[in-house]
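The values are calculated or read from the model by the stated rules, or taken from the named source; none is laboratory data. Please read all numbers here as calculations on a predicted model, not as lab measurements. Cβ coordinates were reconstructed from backbone atoms using ideal geometry, including for glycine residues, and neighbour counts include every protein chain displayed.
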Amino acid sequence: MLGARTFLSTKARQAWKRLLRPYVTRAPRFLFPPACVLCGKPGQDDQLLCADCAPDWPLIHLDQACPRCGKPETGGQTCGACQAHPPPWDHAIVPFPYAPPVDDLLRQFKFHNRLAAGRLLTQRWLEAFNARADATTRALPDCILPVPLHPKRIRERGYNQSLELLRTLAPVLGVSICAKAAQRVRATPAQMGLSAKDRQHNLDGAFVIHAPLPRHIALFDDVITTGSTLAELSKTARAAGAEVIEVWAIARTARH
């Protein structure tokens with residue numbers, strides 16, 4: 001009889017847990033709604049951005065950008081530069097210009113370890129990614145490869161910002177991260193201040209890929225300036241077996 005009562009008690013507890021679980025998981029958001037990273041007001045729709053700051057967020061309409069390099073306002077057609085000199089990747093998705101407040105949020109996340117800034121950037125990136133006209137028809141990559149940092153730079157900074165952003169993005173998309181597939185074997189000087197030509201030479205032989213890659217991959221970086229880093233990594237990835245290479249980034253500079 002005791003066993004029967006225990007069994008019924010266990011089933012009752014499980015039923016109550018299932019019934020209350022939605023309310024328990026929503027309670028923290030109800031009691032402590034997310035605050036806007038930019039101004040501190042309550043966030044909108046469980047986001048870290050409020051209704052007042054959202055209209056000022058800069059956006060590149062992906063359906064109107066060059067599909068090869070992501071250059072905005074090409075009507076969705078391949079731009080002249082990509083027709084003359086196609087990049088070594090096949091498709092680019094870069095939804096934001098490197099402009100306020102995106103540039104400041106990236107600096108806060110990259111150099112000051114402000115995790116909330118990174119979460120806001122990934123929230124907005126996913127919104128733009130899912131708003132594309134081909135979002136439901138275009139195949140997702142088999143894996144996403146973050147641009148690797150040299151071990152010396154990892155020791156200085158403490159983490160790879162591209163990989164940390166991907167830790168939020170990839171699970172939502174249901175795509176695995178190839179975190180250890182590529183390695184940066186040359187501690188190249190900083191790219192900042194170099195010409196586009198010097199940037200490319202600076203990266204020659206900078207990456208090594210240790211195992212064959214899947215057919216369809218995406219390379220992920222935080223910011224595209226001239227694209228030299230992603231171009232060198234794309235060439236290395238293609239030599240390792242990747243046939244379709246997409247470039248994903250948070251933002252692109254006007255210089256690119």
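Structure notes:
- Selection count, region 105-159, where residues are touching a Pro at 6+ places or on another chain (Cβ under 8 Å) and of a type outside the set (D, E, K, R): 5
- Candidate set from region 40-73 (those that are in contact with a helix residue (DSSP H, G or I) (Cβ under 7 Å, 6 or more places away or on another chain) and free of Cβ contacts under 8 Å to residues at least 24 places away in the same chain); member that is nearest to residue 219 (Cα to Cα): 73
- Test: residue in region 185-203 that is at positive phi and modelled with pLDDT of 95 or more: no
- Residue in region 128-144 that is closer than 14 Å to residue 222 by Cβ and not charged (D, E, K, R) present: yes
- Count of region 120-153 residues, restricted to those that are among the basic types (Lys, Arg), at pLDDT 95 or above and assigned to a helix (DSSP H, G or I), is 1.
- Filter result for residue 116 (of a type in the set (Gly, Ala, Ser), farther than 27 Å from residue 63 by Cα and in a helix (DSSP H, G or I)): yes
- The residues in region 56-77 that are modelled with pLDDT of 95 or more, part of a helix (DSSP H, G or I) and either more than 18 Å from the chain's Cα centre (by Cα) or surrounded by fewer than 17 Cβ atoms within 10 Å (Cβ to Cβ) (or both) can be counted, and the count is 2.
- Condition check for residue 174: modelled with pLDDT under 95 and at positive phi: no
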